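Trainee: There's a structure below that I have some questions on.
The values are calculated or read from the model by the stated rules, or taken from the named source; none is laboratory data. Computed from a predicted structure; not experimentally measured. For neighbour counting, all protein chains shown are included, and Cβ atoms are generated from backbone atoms with ideal geometry for every residue, glycine included.
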Amino acid sequence: MKKSEMLFDANYRYNFDRDLYVNPRTKKAFSIEFIDDHSFDEVRQKIEEATDGTTWSFYFNKTPSDGVRCILERDLEAA
């Protein structure tokens, strides 16, 4: 199984505008770079990681700034 298949199976959809795999229900978003640079097991662990579902969790290689985070949250909530 490929990482992208694993994400789709976990209800993540690719957001072409942001180059992210996103699951609005769990409020998690993965960058392409994160997925490419981390092992299958590491990505799976992050998919399965429990969150409270009230704030977005971003899995990027480099933590986004507060400003970028705010823009992403706004855009992803509207999508």
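Trainee: Looking at segment 35-79, which of its residues are surrounded by 11 or more Cβ atoms within 10 Å (Cβ to Cβ) and among the β-branched types (Val, Ile, Thr)?
Mentor: Listed by number, the residues that qualify are ILE35, VAL43, ILE47, THR51, VAL68, ILE71.
Trainee: Please specify each residue of segment 8-46 satisfying the condition of being touching a helix residue (DSSP H, G or I) at 6+ places or on another chain (Cβ under 7 Å) and assigned to a helix (DSSP H, G or I).
Mentor: Of everything in segment 8-46, those that are touching a helix residue (DSSP H, G or I) at 6+ places or on another chain (Cβ under 7 Å) and assigned to a helix (DSSP H, G or I) turn out to be ILE35, PHE40, VAL43, ARG44.
Trainee: Quickly run through segment 47-60 and pick out the residues that are of a type in the set (Val, Ile, Thr) and either modelled with pLDDT under 95 or out of contact with any helix residue (DSSP H, G or I) (no Cβ under 8 Å at 6 or more places or on another chain) (or both).
Mentor: Within segment 47-60, THR51, THR54, THR55 qualify.
Trainee: Could you grab me the full set of residues in segment 47-72 that are closer than 23 Å to MET1 by Cα and assigned to a loop (DSSP other than H, G, I, E, B)?
Mentor: Answer for segment 47-72, where residues must be closer than 23 Å to MET1 by Cα and assigned to a loop (DSSP other than H, G, I, E, B): GLU49, ALA50, PHE60, ASN61.
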